[in-house]
Amino acid sequence: MKVIIGIPARLGSTRFPNKPLCKILNFSMIQHCFLRSKLSKIASDVIVCGCDKEVKDEINKVNGKFIMTDKNVPRPALRVAEGFKELDLEDEDIVVVVQGDEPLVHPDMIDLAIKPLLDEKENIYVSNLCSKIEIDDWKDPSEIKVVTDLNKNAIYMSRSPIPSIDHQEEKAPWYKQVCIMPFKWHFMKKFLYDMPSTPLEKQESIEMLRIIENGYKVRMVENLFTNKSVDNENDRKRAEELMLVDEIYMLYKNKKF
């Protein structure tokens, strides 16, 4: 069984155009995602999947691998699936989608995220990390909130504030999705070829809803590490502040290529 990381990236974000190229200290955001993912002890390879020559050029600067994909691929995991379909992968291999706007991804987050796929081989084919949040993130439409059942399977994901507090009797923990998304390769192929886009996926613009709407489990795993997704300039500034004291950044900040 192989574990391979795919990082989807595109320049055409409506919320933050060209965000993979935005600078965070010494490197662009997509370079941070690649270099930090490369430090994973469990992954055998890391490949960026994109549709823009500028992103390819950024990855070439750090001696990374890049697969060019169609500009019209609508979702991050689908972009990785499209890019990886020509690779020699076995059905039980694990493909970990690390979103290209997670510049503070910790390499050990990969190990944490894939644990359900290793421990529950017959039942769990896709998992996601999640982190506890407070009210600012709960209100933020750029953050994807997630509610789960008692076994930590996702019930629903939304950009709106969920769960509701309108009739709250006792506060439950609030969580957001952290876009580290491992798939068994056989299920990723099913996701690519056999699951058309679904109503709630299109309503919320969240691809994991396609899986939930089709009746499959998405196992959520609570993230233990500091992270900061970047969707706007304020996020970029906050990521830069965090990077200044980040122990993983110190491992590659002066690396020459």
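Throughout, read-outs are computed from the coordinates displayed, never taken from laboratory work. What you are looking at is a predicted structure, and each value in this text was computed from that prediction instead of being measured. Here the Cβ positions follow ideal geometry from the backbone for every residue, glycine too, while neighbour counts run over all protein chains shown.
Values computed for the structure shown
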{"item": "DSSP-assigned coil residues among GluC sites (Glu not before Pro) in the range 53-123, each with at most 12 further Cβ atoms within 10 Å", "result": "GLU86, GLU90, GLU92, GLU122"}
{"item": "Calculated diffusion of the range 178-251, Stokes-Einstein form, Kirkwood radius summed over Cα pairs, 20 °C and 1.002 mPa s, µm²/s", "result": "142 µm²/s"}
{"item": "Length released on extending from SER142 to ASP108, taking residue separation times 0.36 nm less the Cα-Cα span", "result": "9.8 nm"}
{"item": "Measure of compaction for the chain (Cα Rg per 2.2 N^0.38 Å)", "result": "0.96"}
{"item": "Amide proton proximity set for VAL178, modelled H, under 5 Å, gap of 5+", "result": "LEU129, CYS130, SER131"}
{"item": "The chain: most fluctuating residue of ASP166, ASP93, ASP246 per GNM, C-alpha cutoff 10 Å", "result": "ASP166"}
{"item": "Two-site label geometry, HIS167 and PHE225: point separation in nm, points 7 Å out along Cα→Cβ", "result": "4.1 nm"}
{"item": "Karplus (6.51, -1.76, 1.60) ³J(HN,Hα), θ = phi - 60°, over the range 210-216, in Hz, Gly and Pro reported as x", "result": "4, 5, 4, 5, 8, x, 9"}
{"item": "The chain: most fluctuating residue of HIS167, HIS186, HIS32 per GNM, C-alpha cutoff 10 Å", "result": "HIS167"}
{"item": "222 nm mean residue ellipticity, helices alone, for the chain (DSSP H n ≥ 4; -39,500 (n - 2.57); rounded to 500)", "result": "-8500 deg cm²/dmol"}
{"item": "Label-point separation, ASP91 to ASN151 (7 Å along Cα→Cβ), nm", "result": "2.2 nm"}
{"item": "Order of MET1, MET109 - criterion: other Cβ atoms within 10 Å of each residue's Cβ, fewest first", "result": "MET1, MET109"}
{"item": "Cleavage-rule hits (trypsin sites (Lys or Arg not before Pro)) in the range 1-76: DSSP loop, at most 14 neighbouring Cβ within 10 angstrom", "result": "ARG15, LYS41, LYS71"}
{"item": "Per residue, the convex hull volume that the Cα atoms of the range 103-249 enclose (Å³)", "result": "132 Å³"}
{"item": "Proximal lysines relative to LYS139, as straight alpha-carbon distance under 25 Å, when same-chain residues fewer than 8 apart are discounted", "result": "LYS19, LYS152, LYS171, LYS176, LYS202, LYS228, LYS237"}
{"item": "GNM flexibility winner over the chain from LYS139, LYS189, LYS19 (Cα, springs under 10 Å)", "result": "LYS139"}
{"item": "Rg to Rh, two decimals, where the range 1-143 supplies the alpha carbon set and Rh follows Kirkwood", "result": "0.96"}
{"item": "Nearby lysines by direct alpha-carbon distance to LYS61 (threshold 16 angstrom, same-chain neighbours under 8 apart not counted)", "result": "LYS23, LYS38, LYS53, LYS253, LYS255, LYS256"}
